[in-house]
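Throughout, read-outs are computed from the coordinates displayed, never taken from laboratory work. Computed from a predicted structure; not experimentally measured. Cβ sites come from the backbone with ideal geometry, for glycine too, and all protein chains shown count toward neighbours.
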There are 2 protein chains.
Amino acid sequence: MASSSSITISPATLSRSSTCLHGSTQKLHPATNSLSLPKFSGLKSINTATANVSRRRIPIITRLPVRASAVETLQKTTDTTLVEKSVNTIRFLAIDAVEKANSGHPGLPMGCAPMGHILYDEVMRYNPKNPKWFNRDRFVLSAGHGCMLQYALLHLAGYDSVKEEDLKSFRQWGSKTPGHPENFETLGVEVTTGPLGQGVANAVGLALAEKHLAARYNKPDCEVVDHYTYVILGDGCQMEGIANEASSLAAHWGLGKLIAFYDDNHISIDGDTEISFSESVDARFEALGWHVIWVKNGNTGYDEIRAAIKEAKAVKDRPTLIKVTTTIGYGSPNKANSYSVHGSALGAKEVEATRKSLGWPYEPFHVPEDVKKHWSCHVPDGAALEAEWNAKFAEYEKKYPEEAAELKTIISGELPAGWEKALPTYTPESPADATRNLSQQNLNALAKVLPGLLGGSADLASSNMTLLKMFGDFQKNTPEERNLRFGVREHSMGAICNGIACHTPGLIPYCATFFVFTDYMRAAMRISALCEARVIYVMTHDSIGLGEDGPTHQPIEHLASFRAMPNILMLRPADGNETAGAYKVAVLNRKRPSVLALSRQKLAQLAGTSMEGVEKGGYIISDNSASNKPDVILIGTGSELEIAAKAAEELRKEGKAVRVVSFVSWELFDEQSEDYKESVLPTAVTARVSIEAGSTFGWEKIVGAKGKAIGIDGFGASAPAGKIYKEFGITAEAVVAAAKEVS
Amino acid sequence: MASSSSITISPATLSRSSTCLHGSTQKLHPATNSLSLPKFSGLKSINTATANVSRRRIPIITRLPVRASAVETLQKTTDTTLVEKSVNTIRFLAIDAVEKANSGHPGLPMGCAPMGHILYDEVMRYNPKNPKWFNRDRFVLSAGHGCMLQYALLHLAGYDSVKEEDLKSFRQWGSKTPGHPENFETLGVEVTTGPLGQGVANAVGLALAEKHLAARYNKPDCEVVDHYTYVILGDGCQMEGIANEASSLAAHWGLGKLIAFYDDNHISIDGDTEISFSESVDARFEALGWHVIWVKNGNTGYDEIRAAIKEAKAVKDRPTLIKVTTTIGYGSPNKANSYSVHGSALGAKEVEATRKSLGWPYEPFHVPEDVKKHWSCHVPDGAALEAEWNAKFAEYEKKYPEEAAELKTIISGELPAGWEKALPTYTPESPADATRNLSQQNLNALAKVLPGLLGGSADLASSNMTLLKMFGDFQKNTPEERNLRFGVREHSMGAICNGIACHTPGLIPYCATFFVFTDYMRAAMRISALCEARVIYVMTHDSIGLGEDGPTHQPIEHLASFRAMPNILMLRPADGNETAGAYKVAVLNRKRPSVLALSRQKLAQLAGTSMEGVEKGGYIISDNSASNKPDVILIGTGSELEIAAKAAEELRKEGKAVRVVSFVSWELFDEQSEDYKESVLPTAVTARVSIEAGSTFGWEKIVGAKGKAIGIDGFGASAPAGKIYKEFGITAEAVVAAAKEVS
């Protein structure tokens, strides 16, 4: 269990080419001897004087061909002077952009510029002119506030999304360079980060997706899925619980191609991290099962960083944490290594001082010609990488046409024709069932026709009913399987699913817990909504109907809280057809997540429900009025639609003209035409009663000032479900009484 | 940094009295030799055959006097036969209650009964007839689903809250024994648990409160604050990120009197924890800075458990994790060690088999006479403990009357007379300021008059403006200080504050982050609301008004999402007087938490605002109409009240009769009389415009179908705040236009 690491740097590692990939060719000098650092377990007590790594450059010029395998670090670079110039370019682009915006975070880019340079210039495989190339290496800046680092790198690498004018409009209205990385604004940004800890969990999802697709589609003679996932996280990310959750899973799953750089700069917003963070992060990651390497000089130790990446790639059975000790705001004579450089512009005077200190005579936003020239190789190199991969894929397609066809739909996100025919249908005669069970029927039906569907639960698979029966568990040694076991880690579950969804358009992750525990993962769900990730949130036990577990487990305000959240669909199906409709909607909405609130308890299959109805959000399931003018409209969702239908029966017996409306998704209903809305909820009919076993907050909009909303505005209770429904007045009798009152 | 532990069991530790405290007296046999286990770092590889601890009982009968110091474990017990009988009583009370309810979780109580027995019978100091005795040891069942363990223990110990009939009505409507522990239902339960990971964070808060009060009030000659905090957590808790956050802080703060029992049973709902949880928990806790002990036989190893507690108490500079390896459902021949015993009744047949297997001939719910007799000592012993403490406090009061008086107000929760006079007041001439700054003025004013006020931020103290200037940081060696530094750990911050609030009525914890990051801590905030904990949530940067950080940092749906949550006050003050009013309300509401949404940007001090107005939730700040019939009512909250006031000026210039209403808290307004509500929002005036830089969800209730709600129903943007306000139409011009439209 205990893992220890030694950094071994060989001359081969230290050797670098003096030019780009397309430069002159020489044979790589073989490793002849190596230099060992002390064992990792003694990390904290290493005498840095004795541990100094010789950074003598060995003047061997190498030229490596473009290689298809991502397993080895690309060993290319240029002379240190040019590297340092490039690193300082990155630093000053960040400094200048923050200065111009008078807002932003210069400290991280200044400290992380060396690792950023090495990643984007020497290690990562990407194509600037096709940022969505499938087999690219993924990079996540979990410490998203340092986004100028990434913008500078994308700019230097030749991405069209970040031109000089974009750097100059950093943090301005309508720019491509917002205050935190946003995948929906800036091509080349993989996920939306900023809220701390999310990014590292996204990266786990990205690495999981790679491992899964590689296991399913790669052939011994043709590996078409083969990339690394890199992430930079800071002290803030490390403190967040979500990061520990995700890191625990990453090791459990053996995500060997996940390489995390921990920017260990000892500074957070409130000052030195010592005031609240005295744990041993290295030892914690070892306990979680990671390989851990410490780069002691992240400011100028280029070879240390390179060696660490090489070592990380050699460790294939688990993820690697490279702790890179850096100085926040490196180069600023008066602000480096202090919280003042974390989140504010340096100020003209200190910018000037930093220019002097780093020997930077240039105007703001200037990229020196030699640096520009050096980075210019990435456009042709990237094109070559993609072309090579395309050729490989063509070969793969010839040999394995079926697999290639399937993988192509995953890559493109195109849904197989007629996929929706797989969704089950029900009649009122179908047996009553809990929507969580009906959900499982849908998931299993969809898994057969949607090759990109995969997911699981936060240790509640048997309660959430989320197992795909024809598949096994995605585990370290069975990564081709499609059932994910997240453990009791809701927050990282959501963020990991965001990573999966952002990896490739055709991957459709779903994840599950009790609806009330969306409170644990709300930050990740909000990012799903913001970053347009199609994650399906399967949320069961959606009301007091779960019974005895009591108020800690009974959602009340949760429906309202998601209805208020932008760009997320809150769906509460009432029976089999509506559950199928909810899944249809969830799959079709490529640019927003869906939350399905599902019952623990059995529900009748109702007459009048339909998939088509669900797609409209609100629709009539029954009506005995002659025109569009019933005496009263009863509106229900989910498990309470049945109660509304029962109340309607009673009222109709008494001669009333009653309409029953299923209001399965407020967002979808809002998007319908005014005519359609009027046809369901005519303005003239103010006698309206809604019933939903949750907060009435927001229902005034639907029932109007003259209507009545039946719901629960306090917490639930521990008792059998039927008893709670009765005590809380969520009954047909209450609906009948309210209907009489309002009509 | 590296910590290792050896379990050393001496004969003294193993010696036990054969009776209760009030039994016969003999001298404690001195330790003569000890038996060492291998070093902890080799834990995983210990050969259990060689590591077996001798459990030979040494037949020395001891009688210890009631001791005021809680530092040493009470070394009292009875013969093993009776202990086992007591442990089986606990097991069967749990089995029988779950069986009768046909719902619940028997597995944990069956596995944890031995540690439960030892804690409540031998170790913990409490008074069953006064469950709120200030100096009691605190116990938290973080794995709250196993609540029958705690109910059984409270029952045996003589708490009036859990009588036999309460056990028989487990999980039934109106019972004192709900499905998860609820402090507001059951005296003797300290906090509300069930949502995993919360309890261990609550325990950190309880232990923090003890350490803080001890540091402030204890004198070398008189220690009036002196108790332990015990917590049982399971595998599920361990997987949750919040538990790692809280555990990191517990070690950082050096909470030596926090002792956590990790019920290491390898089973969670989805099966063996191996499917998702392969980290080394022991090593992780060592990395966090805890002392770690492993009890290998938690099922019958009573002496091992006792020795571990003794060792834990001897380690005073950091918390201790006792990993207790148990068998879930111990005693059930066919279900033990499987997920099937986790969350379901055993079933009649398996109950019978378990009775046979454990040799239990009794009827359901039977407590054997000798067990009953044995436990009967806790009522007199508890009374003696409290009496002794009362005597000590009387002595303290004589010697240190000022400190005693202050501590008494903290213990009673009584607010000092006239405390609210400390709140600052403002006039329209006072300088414009951000409400986050005004909040800091209030916090600092209140800290002088409320000795129980303490709190801090999740690494945003300088942004949230939460520092108490006259105090230093609460740290390991300065626990008397009142500024808490939570690091970037929002979720545990909330739960720790719940623990502080539940510790003693007069402690008033506040905590802070950006409003949008309530998403990280919502589960803890919901528990605040449910368990009636007066936590003050200081949430700054409450809208797009924060500007450049962009949509990841800009709350939209958050106001609505808290307005929908039961028993929590959502307050959005507009200026200085309203901020003071919000604090007044927050302090006065002893049984509910408050969320203060505060601006980053400067706001004018408005005419007409008042603390009294805030207490009513919604009130008129200006009105130029003659009667209660203005042409239009403009309604604003927080930073948009100023905009509403400006729009009113414009409209009044045009001759309109305009009322401006501040709607600072929906919940408080809802609680006013119908007459009052009508006086502010007369039914006859349907021309209403609301403005709030957040979701319009819910506003229909206030503005009605004929009114207009101005807000933001999509995500925000990264740009200077003024620009975003303008682009999103959150302007006085928009209010004027809307007012004309509706009136």
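Brief remarks on what is shown
- Counting only residues at least eight positions apart within a chain, or on another chain, the lysines with an alpha carbon under 26 Å from that of A:Lys349 are A:Lys85, A:Lys100, A:Lys168, A:Lys335.
- Straight Cα distances below 18 angstrom link B:Lys398 to the lysines B:Lys219, B:Lys408, with same-chain residues fewer than 8 positions distant left out.
- Under 17 Å from the Cα of B:Lys591 - lysines, other chains or at least 8 residues apart: B:Lys132
- Its Cα gyration tensor gives the protein assembly as shown an equivalent ellipsoid. The semi-axes, each the square root of 5 times an eigenvalue, are 46, 43, 35 Å from largest down.
- Whole-angstrom gap from region A:695-743 to region B:722-740, using each part's C-alpha centre: 37 Å
- Sequence ranges B:494-506, A:125-137, ranked by mean other-Cβ count within 10 angstrom, highest first: B:494-506, A:125-137
- Antiparallel %, DSSP beta bridges [both residues in the protein assembly as shown], to 5: 20 percent
- Partner shielding of A:556-563 amounts to 6, given as the average count of beta-carbon atoms from other chains within 10 Å of each residue beta-carbon.
- Take every DSSP beta bridge whose two residues both sit in chain A; close to 20 percent of them are antiparallel.
- Among the residues of A:695-704, the average count of other protein chain beta-carbon atoms within 10 Å of the residue beta-carbon is 5.
- Here's the picture: charge each Lys and Arg Cβ at +1 and each Asp and Glu Cβ at -1 in the protein assembly as shown, and of B:Ile309, B:Pro431, B:Tyr619 the one pushed furthest to the positive end of that dipole is B:Ile309.
- Estimated 222 nm signal from helices in the protein assembly as shown, with DSSP H stretches of n ≥ 4 weighted -39500 (n - 2.57), rounded to 500: -11500 deg cm²/dmol
- ³J(HN,Hα) computed for each position of region A:80-87 - Karplus, 6.51 cos²θ - 1.76 cosθ + 1.60, integer Hz, glycine/proline x: 4, 4, 5, 4, 5, 5, 5, 4
- Remark: region A:185-195, residue by residue, has Karplus-estimated 3J(HN,Hα) of 9, 10, 5, x, 8, 7, 9, 9, 10, x, x Hz, where x stands for each Gly or Pro and the curve is 6.51 cos²θ - 1.76 cosθ + 1.60 at θ = phi - 60°.
- Selected from B:Ser248, B:Leu606, A:Thr579, residue furthest toward positive end of dipole (the protein assembly as shown; charges at beta carbon): B:Ser248
- Annotation: amide H of B:Cys377 has no partner in the under-5 Å range at sequence separation 5 or more or interchain, hydrogens built in the peptide plane.
- Folded to 0 to 90 degrees: helix A:348-357 orientation relative to chain A principal axis, Cα: 40 degrees
- Test item: B:282-294 mean partner chain Cβ contacts at 10 Å: 4
- The DSSP beta bridges internal to region B:245-377 are antiparallel in roughly 15% of cases.
- The alpha carbon centroids of region A:212-247 and region B:394-466 are separated by 47 Å.
- By average C-beta atoms within 10 angstrom, highest first, the peptides B:290-301, B:101-112, B:469-480, A:451-462: B:101-112, A:451-462, B:290-301, B:469-480
- Put simply, when A:356-362, A:404-410 are sorted by average Cβ atoms within 10 angstrom per residue, most first, you get A:404-410, A:356-362.
- If only the Cβ of Lys and Arg carry +1 and only the Cβ of Asp and Glu carry -1, the dipole of the protein assembly as shown around its Cα centre is close to 2280 debye.
- 0 to 90° range, to nearest 10: angle between helix B:107-117 axis and chain B longest Cα axis: 70 degrees
- Near the amide H of A:Tyr510, within less than 5 Å, lie the amide hydrogens of A:Leu454, A:Gly455, A:Gly456, A:Ile536, all on another chain or at least 5 residues away, with H placed in the peptide plane.
- Seen against the Cα atoms of chain A and their longest principal axis, helix A:302-314 is set at about 50 degrees.
- Rounded to the nearest Hz, the phi-derived 3J(HN,Hα) couplings of region B:723-728 under the Karplus curve 6.51 cos²θ - 1.76 cosθ + 1.60 (θ = phi - 60°) are 4, 5, 3, 5, 4, 8, where x marks glycine and proline.
- Positive minus negative residues near A:Lys399 (Lys, Arg vs Asp, Glu; Cβ under 13 Å): -3
- Charge-dipole axis of the protein assembly as shown as Lys and Arg at +1 and Asp and Glu at -1 on Cβ define it, positive-most pick from A:Ile411, A:Ile527, B:Phe669: A:Ile411
- Dipole check for region B:208-258: with +1 at the C-beta of Lys and Arg, -1 at the C-beta of Asp and Glu, and the Cα centre as origin, the magnitude is about 200 Debye.
- Chain B has one residue whose beta-carbon comes closest to the axis relating it to chain A; that residue and its distance in whole Å are B:Gly241, 1.
- Between the amide H of B:Ala709 and those of B:Ser690, distances stay under 5 Å, these residues lying 5 or more places away or on another chain, with hydrogens modeled in the peptide plane.
- About its Cα centre, chain A has a charge dipole of approximately 1440 debye under the convention of +1 per Lys or Arg Cβ and -1 per Asp or Glu Cβ, with nothing else charged.
- The lysine pair tally for region A:597-718, using Cα distances under 21 Å and a gap of 8 or more places or different chains, is 18.
- Dimensions in Å of chain B - Rg and Dmax from alpha carbons: 28.6, 96
- Long-range tail of P(r) for region B:359-464 (Cα pairs > 19 Å, %): 70 percent
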